[in-house]
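Student: Encoded as structure tokens, here's the structure I'll be asking about.
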Amino acid sequence: IAEATRVTRRRFDAASGVLDAAAQTIVAGLTADGAHWRKTVRIGPDGFLYLGQGSTCNVCIEADARRAAIMRFAVDGSGGEIFATGLRNPYGFDWAPWDGALYASENGRDLLGDDLPPDELNRIERGGFYGWPYVHGEGLRDPKFGTSAEAASRIATARAPAFAFRAHNAPLGLRFLRHASHAGVRRALVALHGSWNRSVPDGYAVVALDWGSDGRITAINRVHA
């Protein structure tokens with residue numbers, strides 16, 4: 001269970017459906033200041049615990065390197081490491097069942113107008129840097145942080161998104177289809193929170209993303225709006 005400042009685990013009896021009230025803290029000392037304090041926790045196919053933590057701000061240089069990042073731990077909470085950085089709010093993530101690749105949804109920064117920057121789906125790799133706060137989408141330099149000498153070196157290493165959503169759609173939950181009835185279908189469902197700061201509201205839907213044989217990702221429809 002991911003809480004604002006810690007991760008806990010509780011024993012669950014599948015037969016009775018009873019969750020033990022006693023919580024054991026396995027990751028402590030997380031920060032919950034500023035914006036995006038909610039955490040996302042999942043166990044990966046490699047047996048490690050992954051923790052997503054959003055930024056404290058719209059756009060800034062974080063004092064705590066664990067924010068705007070995905071961390072990885074052993075399942076008992078030991079051996080924590082920063083797995084990937086430059087992710088403003090990696091709220092939803094899941095592993096593609098056909099190759100085990102990790103993908104994460106990301107909410108882009110606000111206050112650059114109705115149509116910038118795009119929100120993102122990123123293919124997450126260990127040690128990867130994904131641009132925030134210096135660059136957004138496909139090379140859109142941030143007007144405040146993207147013009148310095150330091151920014152140039154960071155931007156040179158930034159990984160482009162695997163897929164771009166429309167600005168301010170705010171992709172949250174992400175799940176790949178795994179049921180036997182979808183065998184051979186490379187598809188993920190993504191829940192869009194929707195915009196709060198756009199003159200014409202957009203989002204507010206669940207969308208399906210398809211992975212083609214060439215690896216390109218296409219939004220095929222809006223499952224619900």
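Student: Looking at (1) over 20 Å from Thr218 (Cβ atoms); (2) at pLDDT below 95, can you tell me which one Gly184 breaks?
Tutor: Just one mismatch for Gly184, condition (1).
Student: With the requirement that a residue be among the β-branched types (Val, Ile, Thr) and over 28 Å from Asp214 (Cα atoms), what does region 69-121 give you?
Tutor: If the condition is that a residue be among the β-branched types (Val, Ile, Thr) and over 28 Å from Asp214 (Cα atoms), then Val75, Ile82 are the ones that fit.
Student: Scan region 35-80 for residues that are crowded, with 16+ Cβ neighbours inside 10 Å, in contact (Cβ under 8 Å) with a residue 40 or more places away in the chain and among the β-branched types (Val, Ile, Thr) and jot them down.
Tutor: Thr40, Val41, Val59, Ile70
So that you can scan it fast, the table gives a plain yes or no per residue for (1) touching a helix residue (DSSP H, G or I) at 6+ places or on another chain (Cβ under 6 Å); (2) modelled with pLDDT under 95; (3) on the phi > 0 side of the Ramachandran plot:
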residue	(1), (2), (3)
Ala101	no, no, no
Ser105	no, no, no
Leu121	no, no, no
Gly127	no, no, yes
Tyr130	no, no, no
Pro143	no, no, no
Pro161	no, no, no
Phe176	no, no, no
Ala180	no, yes, no
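Student: Would you say Asp110 is free of Cβ contacts under 8 Å to residues at least 12 places away in the same chain, over 19 Å from Leu51 (Cβ atoms) and open to solvent by 20 Å² or more (accessible area, probe 1.4 Å)?
Tutor: Judged against the criteria, Asp110 is not a match.
Student: Return the residues of region 74-87 that are under 17 Å from the mean Cα position of the chain (by Cα) and of a type outside the set (Val, Ile, Thr); say none if nothing qualifies.
Tutor: Glu81, Phe83, Ala84, Gly86, Leu87, listed by residue number.
Student: Next question. Kindly indicate the residue of region 126-151 that is more than 16 Å from Ser105 (Cα to Cα) and among the small types (Gly, Ala, Ser) and also most open to solvent (accessible area, probe 1.4 Å) among those meeting that condition.
Tutor: Among those residues, the one meeting the criterion is Ala149.
Student: Could we say that Arg123 is in a strand (DSSP E or B), open to solvent by 50 Å² or more (accessible area, probe 1.4 Å), farther than 14 Å from Thr85 by Cβ and in contact (Cβ under 8 Å) with a residue 40 or more places away in the chain here?
Tutor: Answer is no for this residue.
Student: May I pose another question? Among the residues of region 6-15, write down those that are open to solvent by 70 Å² or more (accessible area, probe 1.4 Å) and either more than 27 Å from the chain's Cα centre (by Cα) or over 17 Å from Gly79 (Cβ atoms) (or both).
Tutor: Arg10, Arg11, Phe12, Asp13, Ala14, Ala15, listed by residue number.
The values are calculated or read from the model by the stated rules, or taken from the named source; none is laboratory data. Just so it is clear, the model here is predicted, and its values are computed rather than measured. Don't worry about glycine lacking a Cβ; one is built from the backbone with ideal geometry, like all the others, and counts go over all protein chains shown. We work out accessible area using only protein heavy atoms, side chains counted, and drop any ligands, DNA or RNA first. Shrake-Rupley method; radii C 1.70, N 1.55, O 1.52, S 1.80 Å.
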